[in-house]
Amino acid sequence: MAARINYSVQNTLCLLNPLNYPVNAKTTHFKTGLNFSKNLIFPRKLKRPTFCTCAVSNNDRQSSEAAETFVLTTPLYYVNAPPHMGSAYTTIAADAIARFQRLLGKKVIFVTGTDEHGEKIAAAAAAAGSTPSQHCDVISQAYKTLWKDLEISHDKFIRTTDPKHEGIVKEFYSRVLDKGDIYRADYEGLYCVNCEEYKDEKELLDNNCCPMHLKPCIERKEDNYFFALSKYQKQLEENLRQNPNFVQPPFRTNEVQSWIKSGLKDFSISRASVDWGIPVPNDNKQTIYVWFDALLGYISALSAEKEQPDLQTAVSSGWPASLHLIGKDILRFHAVYWPAMLMSAGLDLPKKVFGHGFLTKDGMKMGKSLGNTLEPNELVHNFGSDAVRYFFLREVEFGSDGDYSEERFINIVNAHLANTIGNLLNRTLGLLKKNCQSTLVVDSAVAAEGNALKDAIEKLVEKARIHYENLSLSSACEAVLEIGNAGNAYMDENAPWTRFKQGGAASEAAAKDLVVILEAMRIVAIALSPVAPSFCWRIYEQLGYSKDHFNTVTWSGTKWGGLKGGQVMAQPKPVFARIENKTELEDEAATRKPVKSKQKKPQAQVAAEEL
Ligand code: MSP
């Protein structure tokens, strides 16, 4: 376990026990079978130290020099409108992956940011009566605030209006120009401003409507600079052959293959009609196309905060990315255009591009352009960030589309977080408080000797790890939840509350059972922490650990045996407040004053017989 307790058990127990009650005495009493329900094992006056403050060993963490770097990016979000739940979804998923990779001991560089140039943004600013630059400041800040509220742990936030980014885009453009891959030509076609892309007539709906935004595309004729994408057809095909996992999930590879196979057309990388952008080097009548600008944000983000970097310095700060996480609508840009641009500039390709599905409302992609969005601030405000993060990652199979319904949201988070995990922890701590002075009677390793639950949990944790590695986030959540289910079944089968009442050996066994269940809870707190970090910290806190301990724990801490005899648990306190559903609310409204928030006051549900 990474968060290894450095002290010997003996010393640890002395630290934990302010009365310095001899450890051996406790264990001896235990072995001789004193009646636990009478609380004879520990003196009643024993005061609880607030938390276990055991030092954490970093032995299992790789030193930062040796650690493998994992660079992970979200798309850079358009600032035409404030973020909605669809934008938050990519970032929540990226955050869970980043947190998991950190648990593995990797040096993670988690990049997110905003895409601030182009026609669409200029038009949104004008509509809001602002200058583009003021507008970008406001919306970019709205993203930053939401990321904070959702506990997003990004390391870099890049804005494409940042001067250091502009320098890098120009340098990249010049490299590609020097390679002979940029030429000037006239172009005439149908343009979707929302996609910021020329469209092929055959992909459009009636009236030349964009199938994504359901708005008509505009006839455009421009004298532009073009990127010679067609030159890279063979190299792109070769890349897919050599790296069959380059595009994920696997079914999206076929889509990319067929785009490439159907023949790649050069695309225009400048706009004569757009002022709000980075000027084309040596031709300030044109600005660089938003995508040829924004994709470079993945590299410019890597440079140190205050420095004005060149392309090479930024590249040497972490490029290539290990993973670009994107929605399926922008797969072509990431799996075709971007790799070709990088090939042209002589830079390495990202290792993987994962295209997830859409959050939909009534079957349509939720989005700023259609205006059918779900307000993430409201969800976080009403239900808390853990519930929002958990629901979307658990409910939507990562890679596929998923629809939101409030009823389903409430049912899932109540059943999983409040009941399966929260209530089990609370019941167990209640029994431990009543019968063992909130103190563990033996090490969890000893308590679980010959116990099948331990083996089952070890298997489930390994399953969760593999799912996280494969970006199967929903399945990872499911495996962790299974630990909670197994813990509940174990509790119900062994009914420790009855056995405490029997005294003697039955009491001893019951006390051990509580240690086993709490150890399972400790493991859940680590394994689910990428998805629901605050919730997991609250579990950890209940187990008597300090915040430092939680913050330095690694995945190897999921190994069975972390809880030690003598460790004192915190006062039982519910870790997740059940959410009232509408029906409950309506029923209650009829009988008493309306409730302000939808979250109930935390209440533990303990069966009467357990008391
Ligand atoms: N600015 C470009 C990305 C440039 S990356 C160098 C862009 N921005 S966006 O704001 O329109 O979309 C950003 C991300 O949000 C995309 O991955 C998109 O798929 C995702 N989502 C937007 N709406 C979504 C849903 N309704 N559901 C899930 N994700 C969706 O494209």
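The values are calculated or read from the model by the stated rules, or taken from the named source; none is laboratory data. As the structure is a prediction and not an experimental result, all values here were calculated from the model. Every residue, glycine among them, receives a Cβ derived from its backbone with ideal geometry; neighbour counts consider all protein chains shown. Accessible surface areas use protein heavy atoms only, side chains included; no ligands, DNA or RNA. Shrake-Rupley method; radii C 1.70, N 1.55, O 1.52, S 1.80 Å.
Please list the non-local residues whose amide H lies under 5 Å from the amide H of GLY565, H modeled 1.01 Å from N, same-chain partners needing a gap of 5 or more.
Distant-sequence amide H within range of GLY565: ASP443, SER444.
Could you calculate the FRET efficiency of ILE218 with GLN308 from 1/(1 + (r/R0)^6), where r is the beta carbon distance between them and R0 is 35 Å, rounded to 0.05?
0.40
Pairs of Cα atoms under 8 Å, at least six residues apart: use those to get the relative contact order of region 252-369, whole percent.
Numbers: 118 pairs, mean separation 22.3, N = 118.
Rounded, it is 19 percent for region 252-369.
Take the alpha-carbon centre of region 85-141, take the same for region 338-380, and report the distance between them in whole Å.
Distance between centres, Cα-based: 11 Å.
Report, by chain and number, residues whose modeled amide H sits under 5 Å from the one on THR114, excluding near sequence neighbours (fewer than 5 apart, same chain).
Result for THR114 returns TYR77, ILE158, ARG159, THR160.
Enter the accessible area per residue of region 442-515 (Å², integer; probe 1.4 Å; all protein chains in place).
40 Å²
Report the far tail of the P(r) of region 506-547, meaning the percent of Cα-Cα pairs longer than 16 Å.
Working: 333 of 861 pairs.
When all Cα pairs of region 506-547 are counted, 39 percent exceed 16 Å.
Can you list residues whose amide H is under 5 Å from ASN372's amide H, if they're 5+ apart or on another chain and H is modeled 1.01 Å from N?
Under 5 Å from the amide H of ASN372: GLY367.
Check each of the trypsin sites (Lys or Arg not before Pro) in region 219-298 and keep only those in coil by DSSP with at most 16 other C-beta atoms within 10 angstrom; list them in order.
Working: sites: ARG220, LYS221, LYS231, LYS234, ARG241, ARG252, LYS261, LYS265, ARG271, LYS285; in loops: LYS265.
When the trypsin sites (Lys or Arg not before Pro) of region 219-298 are filtered for loop state and at most 16 Cβ neighbours within 10 Å, LYS265 remain.
Once label points are set 7 Å from the Cα along Cα→Cβ at both MET364 and ALA456, what is their separation, rounded to one decimal in nm?
According to this spin-label approximation, the distance is 4.7 nm.
Determine ³J(HN,Hα), in whole Hz, for all residues of region 213-229 in sequence, where each value follows from phi through the Karplus function 6.51 cos²θ - 1.76 cosθ + 1.60 and θ = phi - 60°; x replaces Gly and Pro.
Whole-Hz 3J(HN,Hα) from phi for region 213-229: 9, 6, 10, x, 7, 9, 5, 9, 10, 9, 9, 10, 8, 10, 9, 7, 4.
Through the Karplus equation 6.51 cos²θ - 1.76 cosθ + 1.60, θ set to phi - 60°, convert the phi angles of region 471-480 into ³J(HN,Hα) values in whole Hz; use x for Gly and Pro.
For region 471-480, the Karplus-derived couplings read 6, 8, 5, 5, 5, 5, 4, 4, 4, 5 Hz, x marking Gly and Pro.
Report in % the part of the accessible area of region 214-296 that belongs to carbon and sulfur, leaving out ligands and nucleic acids; probe 1.4 Å.
Details: 2100 of 4120 Å².
Its accessible area is 51 percent carbon and sulfur atoms.
Using each residue's phi in region 281-293, evaluate 6.51 cos²θ - 1.76 cosθ + 1.60 at θ = phi - 60° and report the 3J(HN,Hα) Karplus result to the nearest Hz, with x for Gly and Pro.
x, 6, 7, 7, 7, 10, 10, 6, 3, 3, 6, 5, 8
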